[in-house]
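Okay, so here's the structure we're looking at.
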Amino acid sequence: MKYLCHTSVITLCFGLCIIGMINLSKADGHVVISEKDKKIVLKGQISKALGEYESHLKGSVEYIVTGPVGKIYESIVAVDASAKEVYRAIEKLNVKPGTPQDYDEEKEMNIPPTGTTFLISVEWEVDGKTKRVRADELIRNVKTNKPLPPVAWVYSGSRVIPDLDSEDEDAVIPHAFMSDHIVALRQFDGSALFQNPLPESLEENIYKKNDDVLPKLGTAIKMTIEVNREMQLFVLISGKVQGVGFRNFTQRNARQLGINGYAMNLANGKVEVVAEGDKLHLDELIKILWIGPRSSRVDDIDIKERKITGEFKSFVVRR
């Protein structure tokens, strides 16, 4: 009897754990969806076909990500999921498509794409360790010979085209369902789900792969696509961080990034930082804080994510 009770308890606990995992994330074919964290995770590889038509394309890259039947020879990453699967996964995050790039002929001006912005990162294994980079770091601008700056990719959902498989003559589908393009490097490429908002992306043949960062072609990767959420970070920095200008250093960089909040010295020798903004710029601030001013030494940074309050109108130093 005791054995049966013990077995029942184990079974119940195991069942509750499984339910909890399902609530945390949902597997949808080639896509893992985390509704709580507003992100999806894809598997794929650094495109084996990248540079296949080098003599014709002269090394130019048009896409960060395509599905299996997209233009993988012009893409950095080929994921196992189709653009249609990615589109459906983003629907489950309760994110609606925006609008693709357009052109106002009367005003003779470009109308950039609109929509929710996302952050995209890529990770792979190197000598038993995981290396994780922003997707934009895998690309370089041929004019500056530098990687792209941090980019929040615009989810337009692609332009729409007639659905030739539908009996309804007026039926339309996202172009990405046909092209299998997921993340375009060109702002005006409405065939992809995501576009590059940087003004430089309007230029022709401006992007190539960044060999300083890119792993070997065919390397297995995991890609995370997450909403660029507004949030608050509560941060405690330990080390030689008082009496070295750390608070002013933090204020200067936070203001440059458009982040609001404060930096304050604590009695225990740490510096407390509360910062509000979008995840893209908060991530950049944390990287900068790890460096610190010249005479500082950062030993540890403890970070807690909180809901944004909007109470801060600038970034200040508290005494």
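The values are calculated or read from the model by the stated rules, or taken from the named source; none is laboratory data. Predicted, not measured: the structure shown is a model, and the values here were computed from it. Here Cβ is always computed from backbone atoms with ideal geometry, including for glycine, and neighbour counts include all displayed protein chains.
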TODO: Any residue in the range 126-138 that's assigned by TED's automatic domain parsing to the domain that holds Gly218: show its pairings with residues that are among the basic types (Lys, Arg) at Cβ separation under 8 Å, as long as the two are six or more apart or on different chains.
DONE: Leu138/Lys209
Open item on the list: Which numbered condition in (1) out of contact with any helix residue (DSSP H, G or I) (no Cβ under 6 Å at 6 or more places or on another chain); (2) in a strand (DSSP E or B); (3) more than 25 Å from Asp136 (Cα to Cα) is the only one that Met223 fails?
Closed with: (3)
Open item on the list: Just to be sure before I move on: is Gly239 touching a Ser or Thr at 6+ places or on another chain (Cβ under 8 Å), farther than 22 Å from Arg132 by Cβ and of a type in the set (Gly, Ala, Ser) in the structure I sent?
Closed with: yes
Open item on the list: With the requirement that a residue be aromatic (Phe, Trp, Tyr) and without any contact (Cβ under 8 Å) to a residue 60 or more places away in the chain, what does the range 56-102 give you?
Closed with: Tyr73
Open item on the list: Whether any residue in the range 89-108 is among the polar types (S, T, N, Q), within 30 Å of Gly218 (Cβ to Cβ) and in the same structural domain as Lys48 (by TED's automatic domain parsing) is what I want to check.
Closed with: no
TODO: Sort out which residues of the range 104-125 are within 24 Å of Ile46 (Cβ to Cβ), of a type in the set (Val, Ile, Thr) and touching a Phe, Trp or Tyr at 6+ places or on another chain (Cβ under 7 Å), and write them in order of number.
DONE: Ile120
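One line per residue, one yes/no per condition, for (1) in contact with a strand residue (DSSP E or B) (Cβ under 9 Å, 6 or more places away or on another chain); (2) surrounded by 19 or more Cβ atoms within 10 Å (Cβ to Cβ); (3) in contact (Cβ under 8 Å) with a residue 24 or more places away in the chain; (4) not in a helix (DSSP H, G or I):
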site	(1), (2), (3), (4)
Ile173	yes, no, no, yes
Val183	yes, yes, yes, yes
Leu217	yes, no, yes, yes
Gln232	yes, yes, yes, yes
Leu236	yes, no, yes, yes
Arg255	yes, no, yes, no
Task: Residue that is nearest to Ile111 (Cα to Cα) [pool: residues in the range 188-202 that are touching a residue at least 60 places away in the same chain (Cβ under 8 Å) and assigned to a loop (DSSP other than H, G, I, E, B)] - done: Phe188
Open item on the list: Criterion first (under 19 Å from the mean Cα position of the chain (by Cα) and not assigned by TED's automatic domain parsing to the domain that holds Ser121) does Leu257 satisfy it?
Closed with: yes
Task: Matching entry among Asp189, Asp163 (being of a type in the set (D, E, K, R), crowded, with 23+ Cβ neighbours inside 10 Å and either under 25 Å from Ala89 (Cα atoms) or touching a helix residue (DSSP H, G or I) at 6+ places or on another chain (Cβ under 9 Å) (or both)) - done: Asp189
Task: Residues located in the range 288-304, provided they are modelled with pLDDT of 95 or more and among the charged types (D, E, K, R) - done: Arg297, Asp299, Asp300, Asp302, Lys304
